[in-house]
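Participant: Can you read through this structure? Questions will come right after.
The values are calculated or read from the model by the stated rules, or taken from the named source; none is laboratory data. As the structure is a computational prediction, the values presented were derived from the model and not from experiment. Here the Cβ is made from the backbone with ideal geometry for all residues, glycine too, and neighbour counts use every protein chain on show. In case anyone asks, the SASA skips ligands and DNA or RNA and just uses the protein heavy atoms, side chains included. Shrake-Rupley method; radii C 1.70, N 1.55, O 1.52, S 1.80 Å.
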Amino acid sequence: MQAIALMDHAGVPLPPGTLDDFVSIRVPAPQLSGVDTEFHPWNNQEVQSVSGGGPNANLGEIRLGDNVQAPRVLQEYPALASNQVRLLQLRALVHEVFHALDFGEVLQTTHGDRDRAIGVQAREIAFAGNRAGYARNEIETDYRTAVVLERNGLLFAELRQSLSDYRAYWQGQGPMSKQAFAGVLVVLNRTRYP
Amino acid sequence: MSLSHVDQLLLRGLEGRADPNSLQYISREAAYQELRQRTGQDFGYDVEKWRDYLRQDAEGLPVSKRPRS
C-alpha cells in the first residue's frame with residue numbers, strides 16, 4: 001500500500017481501486033537456490049484459476065524474493081537504519097509495480113488476451129527475446145522508481161548509490177537507444193510515467 | 001563477491017527456474033549456450049560449477065587460476 005501511496009503522490013497515473021484490484025503480492029517459500037523478486041503476469045490459463053475467468057482478475061503477482069529481505073539488504077549496506085532498509089525494500093516494490101502497470105497497458109492493446117500480451121513483451125523487452133530492449137526497460141523502470149522516491153523526499157546516499165549502480169550496470173549491457181525505445185513504448189502502449 | 005545481474009539470470013535459466021511469463025525468462029538451452037559463448041567455458045548443465053566459475057571470474061582471479069572445464 002505504501003508503494004502505491006508514494007506513486008500516487010509522485011504523479012504516477014494509477015488505475016482506480018485498491019492494490020489488490022490490479023496486482024497480488026506474495027512472499028514465496030524459501031528455496032535452497034534462492035527466490036527472485038519479479039512480477040509474474042497471469043497467462044490466459046492462470047487467470048481462469050485466480051478469478052474463475054471473470055473480468056475482474058488482476059494483472060498478476062509480484063513475488064518478493066531474497067534481495068528484498070532485510071538481512072540481504074543489510075549484507076550490502078551494513079550501516080543502514082531500519083527505516084532505510086524499508087526504503088530500499090520499497091524501491092524494489094515500486095519497480096515491480098511499474099512492471100505490473102506496464103503489463104496492464106500492453107494488455108489493453110491485446111484486448112485482454114494475456115498470452116498475446118506476454119508475447120508482445122517477450123518480443124520487445126524480455127531478457128531472452130530482446131536484450132537491448134530489456135536493458136533499456138530496466139533503466140527506464142528504475143529511473144521512474146527514482147523519480148517516485150525523489151518526489152517523496154526519500155532518497156539518501158545508499159539508495160542513490162543503489163539506483164546509480166543499477167543504471168550503470170544496464171548502461172554497460174548495450175541498451176537500446178532512447179530514440180529506438182520511444183518506438184517500443186508506442187507498441188507497448190506505455191503511459192505510466194510520473 | 002555477488003554475481004552480476006545477467007549472470008544471475010542466466011544461472012536461473014540454466015536451473016530451469018525462470019518464469020516463462022516474466023520479462024526475465026530464458027530457457028535452459030539458451031542460458032547454457034550464452035554462458036558458453038560469454039566465458040569460453042563449458043560446464044554443461046552443472047549449475048554449481050558455472051556458479052563457482054562465475055564467482056571467481058567476478059572476483060577477478062587470473063585466468064590461470066580459474067577452473068577448467
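Participant: Return yes or no: is residue B:68 more than 30 Å from residue A:99 (Cβ to Cβ), in a loop (DSSP other than H, G, I, E, B) and at pLDDT below 95?
Facilitator: Yes: the conditions hold for residue B:68.
Participant: What number of residues within segment A:1-24 satisfy the criterion of being crowded, with 16+ Cβ neighbours inside 10 Å and touching a residue at least 40 places away in the same chain (Cβ under 8 Å)?
Facilitator: Summing the residues that are crowded, with 16+ Cβ neighbours inside 10 Å and touching a residue at least 40 places away in the same chain (Cβ under 8 Å) in segment A:1-24 gives 8.
Participant: From the set of residues in segment B:16-44 that are of a type in the set (Ser, Thr, Tyr) and either touching a residue at least 40 places away in the same chain (Cβ under 8 Å) or within 14 Å of chain A (Cβ to nearest Cβ) (or both), which is farthest from residue A:62 (Cα to Cα)?
Facilitator: Result: B:32.
Participant: Within segment A:131-152, identify whether any single residue is part of a loop (DSSP other than H, G, I, E, B) and in contact with a Lys or Arg (Cβ under 9 Å, 6 or more places away or on another chain), and answer yes or no.
Facilitator: no
Participant: Here is a list of conditions, (1) within 11 Å of chain B (Cβ to nearest Cβ); (2) within 26 Å of residue B:7 (Cβ to Cβ); (3) at pLDDT 90 or above, and residue A:43 meets all of them except one; can you say which number that is?
Facilitator: Tallying (1) within 11 Å of chain B (Cβ to nearest Cβ); (2) within 26 Å of residue B:7 (Cβ to Cβ); (3) at pLDDT 90 or above, residue A:43 fails exactly one: (2).
Participant: Of A:73, A:68, A:85, A:27, which residue is within 17 Å of the chain's Cα centre (by Cα), crowded, with 19+ Cβ neighbours inside 10 Å and within 25 Å of residue A:163 (Cβ to Cβ)?
Facilitator: The conditions single out A:68.
Participant: I'm trying to understand the selection: among the residues of segment A:10-42, which are in contact with a Pro (Cβ under 8 Å, 6 or more places away or on another chain) and not in a helix (DSSP H, G or I)?
Facilitator: Correct list: A:10, A:11, A:12, A:35.
Here's the yes/no breakdown for (1) in contact with a strand residue (DSSP E or B) (Cβ under 7 Å, 6 or more places away or on another chain); (2) at positive phi:
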residue	(1), (2)
A:7	no, no
A:23	yes, no
A:60	yes, yes
A:96	yes, no
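Participant: A further question on this structure: Collect the residues in segment A:109-139 that are touching a residue at least 24 places away in the same chain (Cβ under 8 Å), within 14 Å of chain B (Cβ to nearest Cβ) and open to solvent by 40 Å² or more (accessible area, probe 1.4 Å), keeping them in residue-number order.
Facilitator: A:113, A:115, A:131
Participant: May I pose another question? Restricting to segment B:35-60, and then to whatever is closer than 25 Å to residue A:122 by Cβ and over 8 Å from the mean Cα position of the chain (by Cα), can you tell me which residue is surrounded by the fewest Cβ atoms within 10 Å (Cβ to Cβ)?
Facilitator: B:37
Participant: Further, regarding this structure: Any residue that is surrounded by 13 or more Cβ atoms within 10 Å (Cβ to Cβ), out of contact with any His (no Cβ under 9 Å at 6 or more places or on another chain), free of Cβ contacts under 8 Å to residues at least 24 places away in the same chain and small (Gly, Ala, Ser) - is there at least one of those in segment A:41-53?
Facilitator: Looking for residues that are surrounded by 13 or more Cβ atoms within 10 Å (Cβ to Cβ), out of contact with any His (no Cβ under 9 Å at 6 or more places or on another chain), free of Cβ contacts under 8 Å to residues at least 24 places away in the same chain and small (Gly, Ala, Ser), one finds at least one in segment A:41-53, hence yes.
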